[in-house]
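The values are calculated or read from the model by the stated rules, or taken from the named source; none is laboratory data. Computed from a predicted structure; not experimentally measured. Glycine gets a Cβ as well: all are built from the backbone with ideal geometry, and neighbour counts include every protein chain shown. To get the accessible areas, we keep the full protein, side chains included, count just its heavy atoms, and leave off ligands, DNA and RNA. Shrake-Rupley method; radii C 1.70, N 1.55, O 1.52, S 1.80 Å.
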Amino acid sequence: MWQAVLDAYRERIADTGRQPLFLLLVGLIGAFLFIRFSVRMIRRGTSWWPGNVTPGGLHIHHVVFGQVLMLLGGVGAFAVRGDGGPLRDWLGLGFGIGAGLVLDEFALVLHLEDVYWKEQGRKSVDAVILTAALIALLLLGELPFGGFQGGLTAGQLTVAGLVLALVMVCLVKGKLWTGVLGVMLWPLAAVGAIRLARPRSPWARWRYRSRPKRLARAERREARIHRRLVVAKTAVYDAIAGTPDVSTVPPPEPEVWEPYVPPPLPAWRGRCAGAAEWYLRIATLLNLVTGLIEPFRQEVQRRNSGEYFTPVLVTSGFTAALFTGLLAVMVRRRKRPAWIVATVVTGGYGALFLAALLTLPEDRAHPFNWVSAGLTLSLLAALLLGRPAFHARGGRGNVVLGLTVLVVGGAAVVAFCAALVRATHAGYVPGWGDAAEYVGLRLVTQSGVIEYSDLDLPSWVDLTINGLGAALMLITLRVFFRSVRAAEQQSPEDEQRLRELLARHGGRDSLGYFALRRDKSAVFSPSGKAAVLHRVVNGVSLASGDPLGDPEAWPQAIERWREQARQHGWVPAVTGAGERGGQAYRRVGLRALELGGEAVVEPAGFTLEGRAMRTLRQTHRRVHEAGYRAVARRHRDIPAQELAELATLADAWRHGRTERGFSMALGRLGDPADGDCLMLECRDEHDRTCALLSFVPWGAHGLSLDLMRRDRESDNGLVEYLVTELLLRAGAGELEVARVSLNFAMFRYVFEQGARIGAGPVLRLLRSVLRFLSRWWQLESLYRANARYQPVWEPRFLLYEKPSELPAVAVAGALAEGFLTRPHLRRARPTRSG
């Protein structure tokens with residue numbers, strides 16, 4: 001199909017002498033899009049983008065540069081003798097670029113004032129689109145006023161006069177676009193002249209004043225059709241050219257976050273969006289099957305070559321499956337960037353298919369092509385009709401970052417692959433230009449539909465080029481589809497509100513104090529009596545623990561959090577929720593999965609007596625006899641310099657490993673705001689600190705383990721000694737502590753039940769896998785370390801919306817807890833203050 005399009009271009013454009021006109025059109029559209037992008041970057045105040053041209057303080061509008069280019073291109077085209085060859089093509093391109101710059105400020109010339117960002121500035125966009133449409137019609141072979149061939153005849157002049165009359169009637173009836181395009185397409189002018197005039201046009205004022213019924217019909221048609229078209233046209237213009245400035249700006253009001261309420265949509269629009277989603281799912285499945293099964297792949301390739309073409313996004317190979325699969329996932333999340341990409345791709349393919357069916361008789365002869373075009377246009381219609389359902393906007397800067405990734409990554413891929421082509425080509429060494437051209441064609445087509453016969457390369461080189469191109473495409477799309485990032489720092493006002501909630505309800509959940517972790521965002525209920533703490537990780541809005549505050553207000557806070565996730569296209573999930581919090585999340589539609597157990601010990605019932613405590617008792621006695629002692633102090637009672645030294649020791653004992661913890665870690669040892677936290681130090685006989693534990697408050701008489709560090713060169717068992725000392729002292733009344741929450745043991749049920757007699761094969765297999773992973777992540781050792789204290793195990797749950805989202809939730813949880821880390825350049829470690 002692509003080769004047929006290229007042949008059609010050569011036959012209808014290049015061989016007929018229309019290539020300069022085609023390049024003029026390309027230059028006009030390209031210059032208009034670039035200059036609009038440039039002025040929008042300047043309007044946003046982007047620091048790294050070049051600003052206006054103001055030599056000596058004089059602002060030179062780009063219409064001036066456009067006039068110079070048009071003058072050079074026009075005069076040069078007249079001055080060239082003969083056919084001009086490639087020079088005429090370059091002159092046409094330069095003239096088109098100049099025309100794009102001039103027409104972009106058409107409204108400025110018309111009004112003789114700077115109305116670029118006013119409503120009157122929209123006339124510039126109208127001028128560009130109308131001009132581009134007229135040039136495109138000339139390229140397709142349409143001639144103005146019915147066409148003139150040979151000498152002028154009376155018949156040709158009569159036809160031209162009739163067409164001109166129809167065009168004038170359209171203009172008088174207020175149909176500007178119909179009239180201008182009717183110069184080239186006389187049937188369009190005839191239809192516009194016959195139909196009713198617009199109610200505010202000169203024709204309506206002259207002819208409909210004495211015909212109220214006809215005027216009423218025109219007004220109804222205006223409300224039913226034209227106003228909807230104006231709304232759609234305004235949306236397109238805003239996307240292409242930017243939104244005009246508002247003439248009157250109301251006084252700013254204090255910013256108050258309101259819950260996102262999706263606009264009421266008719267059910268059929270949601271079904272249209274769902275139909276587009278299912279089309280992409282089916283296309284993904286077909287692409288995957290054709291990539292795995294050779295006969296299917298050959299059949300699809302045969303149907304997508306020569307005179308045949310398949311429906312949009314239905315092709316063979318894993319690259320296409322990855323692309324359509326990613327697009328399907330983002331469409332299911334109702335992300336606006338995904339809708340834009342899907343609509344642009346489908347619209348481009350649809351226009352190409354229609355052009356092929358209308359201009360290539362050999363393509364029209366195959367019913368399969370009509371089916372493919374019908375499915376493509378149906379998908380396009382579903383996307384356009386379902387557009388209001390796609391409410392989740394992307395993050396700011398996605399477009400610029402995506403283009404940067406595409407340009408820089410594309411340049412790197414082309415350079416690398418060009419060197420590979422030069423190194424592996426049989427025979428002579430091709431030049432860098434030929435090698436780069438081959439790589440560029442290969443990257444654009446992804447399958448080599450355009451053959452480059454001069455180069456003979458091994459098949460693995462082509463596979464490498466296509467693989468790198470596919471990876472670059474997917475990375476670029478992933479950047480385009482990134483969700484909006486939530487605020488990564490709590491404001492002082494939010495932290496104060498959370499501390500007030502903790503003072504009243506902090507005893508409900510042992511993880512409550514970790515809500516003050518400053519990389520979590522707070523979503524409060526309308527009454528302010530409850531809040532959900534979450535962090536956006538990899539597109540997942542990951543909440544931790546139970547909601548904070550009054551349980552009566554939990555449902556409202558949870559609903560606000562979910563509304564915020566829907567607004568931005570985030571996947572909602574909860575990690576580490578307790579029994580009561582899990583029930584609250586389940587009532588709003590989330591599903592629960594037991595994640596592990598939290599070890600809770602009550603000091604009043606703790607003892608070292610008994611056979612079960614023998615190992616812990618021996619460890620405690622051995623460490624004590626070695627001269628170690630435990631020191632317990634609140635953070636507020638530790639001098640600032642000493643507290644800073646302890647924080648430095650804790651960092652050093654981490655030995656460069658990633659700081660782990662999200663749901664049960666505060667992540668800021670030594671902060672002056674955490675004076676109620678308890679520090680336990682293990683000191684040797686020389687009064688040197690060898691291990692330390694830090695606990696955060698759990699209500700008025702509880703503690704929850706936050707941080708655990710020890711010097712690896714000291715004796716083993718120091719951490720167990722500190723925990724045992726804390727429990728014994730609290731049990732003896734030396735510390736006002738009624739309960740202590742120790743570490744959270746993931747998959748406790750699997751380790752505990754999988755080791756028992758009679759455990760099933762699935763449970764034993766899962767336990768074996770987790771024991772293997774424990775070599776890196778200490779899953780089993782953490783469970784066994786907690787089990788020594790004979791705790792009460794409180795279940796903790798993972799909550800999610802859909803099973804298909806579990807992989808994304810698992811990756812986000814692993815990233816948040818520090819089990820997985822993104823690769824990054826090593827940075828200098830920041831110094832601690834306080």
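Taking the range 713-747 as the range and being under 14 Å from Tyr789 (Cβ atoms), open to solvent by 20 Å² or more (accessible area, probe 1.4 Å) and touching a helix residue (DSSP H, G or I) at 6+ places or on another chain (Cβ under 6 Å) as the test, the residues that pass are Glu720, Gly731, Asn743. A search for C-beta distances below 8 Å between a residue of the range 431-444 that is farther than 13 Å from Gly410 by Cβ and any residue that is open to solvent by 40 Å² or more (accessible area, probe 1.4 Å) and among the acidic types (Asp, Glu), counting only pairs 6+ apart in sequence or on different chains, returns Asp434/Asp454. The residue list Arg387, Arg393 contains one member that is out of contact with any His (no Cβ under 9 Å at 6 or more places or on another chain), open to solvent by 40 Å² or more (accessible area, probe 1.4 Å) and farther than 30 Å from Ala8 by Cα, which is Arg387. Helices (runs of 4 or more DSSP H) fully within the range 23-122 that include at least 1 residues being open to solvent by less than 20 Å² (accessible area, probe 1.4 Å) and not aliphatic (A, V, I, L, M): 62-79, 86-104. Restricting the range 519-558 to residues that are in contact with a strand residue (DSSP E or B) (Cβ under 7 Å, 6 or more places away or on another chain) and of a type in the set (D, E, K, R), the residue that is surrounded by the most Cβ atoms within 10 Å (Cβ to Cβ) is Asp546. Counting only strands (runs of 3 or more DSSP E) that sit wholly inside the range 637-738, those with at least 1 residues that are of a type in the set (Phe, Trp, Tyr), under 25 Å from Thr575 (Cβ atoms) and at pLDDT 90 or above are 689-697. Filtering Val444, Val414 for residues that are modelled with pLDDT under 85 and open to solvent by 30 Å² or more (accessible area, probe 1.4 Å) leaves a single hit, Val444. The set of residues in the range 560-574 being modelled with pLDDT of 90 or more and touching a helix residue (DSSP H, G or I) at 6+ places or on another chain (Cβ under 9 Å) consists of Pro572, Ala573, Val574.
Here Val588, Val623 are screened, and the one residue that is closer than 25 Å to Asp715 by Cα and open to solvent by less than 70 Å² (accessible area, probe 1.4 Å) is Val623. The combined condition, being of a type in the set (D, E, K, R), surrounded by fewer than 22 Cβ atoms within 10 Å (Cβ to Cβ) and part of a strand (DSSP E or B), is fulfilled by Glu594.
None of Thr619, Thr575 is among the polar types (S, T, N, Q) and assigned to a strand (DSSP E or B) except Thr575. Trp561 falls short on exactly one of the conditions (1) under 47 Å from the mean Cα position of the chain (by Cα); (2) in contact (Cβ under 8 Å) with a residue 24 or more places away in the chain; (3) surrounded by fewer than 19 Cβ atoms within 10 Å (Cβ to Cβ); (4) assigned to a helix (DSSP H, G or I), and that condition is (3). Within the range 604-630, residues that are closer than 20 Å to Ala730 by Cα reach partners that are at pLDDT 90 or above and aromatic (Phe, Trp, Tyr) with beta carbons closer than 6 Å, at six or more positions or on different chains, in the pairs His620/Tyr721; Val623/Tyr721.
Count of the range 186-220 residues, restricted to those that are at pLDDT below 80 and under 24 Å from Glu142 (Cα atoms), is 1.
For residues in the range 164-200 being touching a Phe, Trp or Tyr at 6+ places or on another chain (Cβ under 6 Å) and surrounded by 21 or more Cβ atoms within 10 Å (Cβ to Cβ), which is farthest from Val128 (Cα to Cα)?
The selected residue is Ala197.
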